[in-house]
Amino acid sequence: MRNLYLVQASNTYVGRGFKAAYLPYAVGLLAAYAFEDETIKSEYNFKRFIFTRERTDEAVQSLENPAVIGFSNYIWNTQYNLVLAEKVKKAFPECIIIFGGHNVPPDNSFLEKYPFIDYLIHGEGEEAFKALLLELCKEEKDFSKISNISYRDGDGFAKTETEILCRLDYPSPYLNGWFDSIFEENPDMQLDAIIETSRGCPRSCAYCDWGCNSSKIRFFPTERVFAEIDWMSDHGVKFIWGADSNFGAAERDMDIVDYLIEKREKTGCPERLRINYAMNNPQRVFEISCKLERYGMSKEGATLSFQSLDPTVLENIGRKNMSMEKFSELLKLYTEAGITTYSEIIAGLPGETYESFCRGIGKLLEAGQHRLITVYNCELLPNSPMAQPEYMKKHGIRTAEIDSLLAHSAVDEEVREKTVYVIGSNSLSTEDWIACNVFTCIEESLHHHGILKFIAIYLHYEKGFSYEDIYNMVIRYAKKHPDSVLYSAYDYLYNYYKAISQEKPIELWSNPIFGEATWIPKKVTHLMTITRLDEFYWEIKNSLRYLGMDDEIIEELIRYQKTAIKLPYKNNFSEEFEYDWDKYFKNILSGNVGSLEKKKIRISVNNKVHQNNWKDYALEAVWFGVNGITMNPGMSSEYIED
């Protein structure tokens, strides 16, 4: 029999007292479907999954005369797969190497570039992988009849016809026991799972690698989904990542959420979910979010995404947004229900300028999105419309290939992954791309993590400053004052993104005071500033005086801002104010803008969960915490009688 191995190497995430990795769902699907076939059962002996980033030499030494090895590729493991596959081929020249997954380009380029790869699978892999295994068993082989593959044909390369697949009745690797041995062999590891209730996406967003293959959404049977949830719950899976592109689009998604909650209540698992929500059914998504929030199962809250707010950019990427009026209505609805929301923007999209990018973030803040605006850099995914040569030429897309560094994960010093960032276009210079990144890191860390949030809101409503102007003023101040608190963060951010644009080596920031974890740039700004808070507010106080604000207002506003921030060592305290800042800001954050009243209040802070050192604060509030957790949740106010 031929020995078969499957590789889907996941990063191992480390925290205080735990180590976690994902179960290899994609290759599990391949195995579960292929081994339903009697010929494959008789011809192949499945040996094991390689599902973490094992040392490549040790992984090769563990192989027992491998005949076929299949690799699932995405941005977080492609370089690892290439190193491992080349070593396997050298040690076992007759071993067949098959590459598939999202990071396999749609042409033959991987075969041309990497002589140790024998076959490529393009798109969904179940049918092609099974057909390949069957064909490899034959005396006379004809791979031309297998759809969606590329292979070596004599001295050249061949690519077969592209077939759009419609079926979705594949067996579940969870239910068929394919992962049972992983649990048995890794009792001390937290094993997270991916659940796929549907497949496909009807949209054609240029930056997305679903974009070239937009298709009608297909659904896995509901009974299968429920059974997989049973399995995950029974196996103690704490975290589930939803792989659907548009969860909430179907009416049955409410039933799936109800069942997840039922299992959580009975067994304690799953604890948290991460879901990609549908755009076209905001009411159902709201109801789903309400339920998950009520039971503490939402990893990051509800997503209200835009990617860009500039009409030219939206046309270039094939996307439409909801109106800002509708967005404000939804924000108010979620806020009244006590549900965390966040919005997403992508930096570097064609048609964007520095001014339009900053203005887009400002519009979201003006509409009331003060919880979180997450900005992602546009990555050039090989199967996206944006990565196609004609698109890149039309929009003048410029890119940089860099090391892909994942915060908090165990660092693989042997193999660094690569990613390709879009660092400019016809409309955006590379220097402005750097500036976009500096702006969003400072805005998110100061505003959404709370250090400057209430001061910025006051300046917007009472002094008429736009939010983008406020945070651009902060950046200009940092640049002009190299001895300021924020300059060190600005300097770090600028040089970090400058290095990316020049394809120079980069490293994630760490500081022993915050433990062994590594941190992405936007978190770095927060952590650098939070430890020097008094100095920072002294600088802010002088800046507010320069803007002509009254000293009494400045003093109280900064003191309220400091009171609202969650800090280690500081809990169970109270502050008295001459103005009712609490009511003023709560009204604004709930969408009901009012005037600031001069009324004496006492604000008390008593957080039930509190950290007593910087390491725990960084881990639990900045990393693990839900959006806004760096703001004191245990604040209460009362009026003081004269």
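So for the chain: antiparallel DSSP bridges make up what percent, rounded to the nearest 5? Intermediate results must be reported in sequence, preceding the final value.
Working: 34 of 72 bridges.
Bridges in the chain are about 45 percent antiparallel.
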Burial order of peptide ranges 345-351, 115-121 (average beta-carbon count within 10 Å, highest first): 345-351, 115-121
Out of MET189, TYR170, ALA206, whose Cα points farthest toward the positive end of the dipole of the range 170-248 (charges: +1 Lys, Arg; -1 Asp, Glu; placed on Cβ)? ALA206
So, in Å, what gap is there between the alpha-carbon centers of the range 173-201 and the range 39-80? 17 Å
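With viscosity set to 1.002 mPa s at 20 °C, what whole-number translational diffusion coefficient in µm²/s follows for the range 3-77 from Stokes-Einstein and a Kirkwood radius over Cα pairs?
Calculated translational D: 158 µm²/s.
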Quick check for me: using +1 on Lys/Arg Cβ and -1 on Asp/Glu Cβ, what's the dipole size of the range 149-209 about its Cα centre, in debye to the nearest 20? 420 debye
Rounded to two decimal places and with Rh computed the Kirkwood way over Cα pairs, what is Rg over Rh for the chain? 0.99
Under 18 Å from LYS41, Cα to Cα: lysines that are on another chain or at least 8 residues apart: LYS130, LYS138
Rounded to the nearest 20 Debye, what is the dipole magnitude of the range 103-150 about its Cα centre when Lys and Arg each give +1 and Asp and Glu each give -1 at the C-beta? 60 debye
Just the number, please: carbon plus sulfur as a percent of the accessible area of the chain, 1.4 Å probe, no ligands or DNA/RNA counted. 48 percent
Volume per residue of the C-alpha convex hull in the range 236-384, rounded to whole Å³: 117 Å³
Looking only at the range 17-149, where both bridge partners belong to it, what percent of the DSSP beta bridges are antiparallel (to the nearest 5)? 10 percent
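When the helix-only estimate is applied to the chain (DSSP H runs of n ≥ 4, each -39,500 (n - 2.57), divided by the residue count), what is the mean residue ellipticity at 222 nm, nearest 500 deg cm²/dmol?
Roughly -11500 deg cm²/dmol at 222 nm, from the helical runs in the chain.
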Gain upon complete extension [SER109, CYS137; 0.36 nm per residue less C-alpha separation]: 7.4 nm
Averaged per residue, what accessible surface does the range 234-334 expose to a 1.4 Å probe, in Å²? 44 Å²
Candidate cut points under trypsin sites (Lys or Arg not before Pro) in the range 530-620, DSSP loop plus at most 11 other Cβ atoms within 10 Å of their own Cβ, are LYS598, LYS608
Using DSSP to define loop residues, name the GluC sites (Glu not before Pro) in the range 363-451 whose beta-carbon has at most 14 other beta-carbon atoms within 10 Å. GLU413, GLU414
Protection proxy ranking, peptides 484-494, 272-282, average beta carbon neighbours within 10 Å, highest first: 484-494, 272-282
What GluC sites (Glu not before Pro) in the range 48-138 are in a loop by DSSP, with at most 12 other Cβ atoms within 10 Å of the Cβ? GLU64, GLU94
Under the 0.36 nm per residue contour assumption, what length would be gained going from the current alpha-carbon distance of LYS19 and THR267 to full extension? 87.1 nm
Considering the alpha-carbon set of the range 139-227 alone, what are its Rg and its Dmax in angstrom? 18.4, 49
Pairwise centroid distance, computed over Cα atoms, of the range 275-289 with the range 348-380, Å: 22 Å
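Using the heavy atoms of the protein chains alone and a 1.4 angstrom probe, what is the accessible area of the range 382-483 per residue in square angstrom?
Values: 3860 Å² over 102 residues.
Heavy-atom accessible area per residue stands at 38 Å².
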Largest first and in whole Å, what are the equivalent-ellipsoid semi-axes of the range 157-201 based on the Cα gyration tensor, each being the root of 5 times an eigenvalue? 31, 15, 11
Modelled label-to-label distance, TYR546 and ASP180, 7 Å Cα→beta-carbon offset: nm? 6.9 nm
Which value in nm describes the separation of the simple spin-label points at TYR487 and GLU36, placed 7 Å from the Cα toward the beta carbon? 6.6 nm
At 0.36 nm per residue, minus the direct Cα-Cα distance, what do GLU503 and TYR259 gain on full extension? Give it in nm, one decimal, please. 83.1 nm
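Quick check on the range 38-171: take the gyration tensor over C-alpha atoms, sort the square-rooted eigenvalues as a ≥ b ≥ c, and tell me if it's rounded (a/c under 1.5), prolate or oblate.
Here the range 38-171 falls in the rounded category.
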Relative to the Cα centre, what is the charge dipole magnitude of the chain, using +1 at the beta carbon of each Lys and Arg, -1 at the beta carbon of each Asp and Glu, and rounding to the nearest 20 debye? 740 debye
Test of understanding: extend the Cα→C-beta vector of ARG152 to 7 Å, then name every residue of the range 53-92 with backbone N under 18 Å from that spot. 66-71, 82-92
Of LYS480/LYS566; LYS363/LYS586; LYS463/LYS541, which ones are farther than 24 Å apart at the Cα? LYS480/LYS566
Throw me the Rg/Rh for the range 72-148, computed over C-alpha atoms with Kirkwood Rh, two decimals. 0.95
Using Cα pairs under 8 angstrom and six or more residues apart, how large is the relative contact order of the chain, in percent? 10 percent
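The values are calculated or read from the model by the stated rules, or taken from the named source; none is laboratory data. This structure is a prediction, so every number in the text was calculated from the model and none was measured. Note that we place each Cβ from the backbone using ideal geometry, even for glycine, and neighbour counts take in every protein chain shown. Accessible surface is based on the protein model in full, side chains and every heavy atom, while ligands, DNA and RNA are left aside. Shrake-Rupley method; radii C 1.70, N 1.55, O 1.52, S 1.80 Å.
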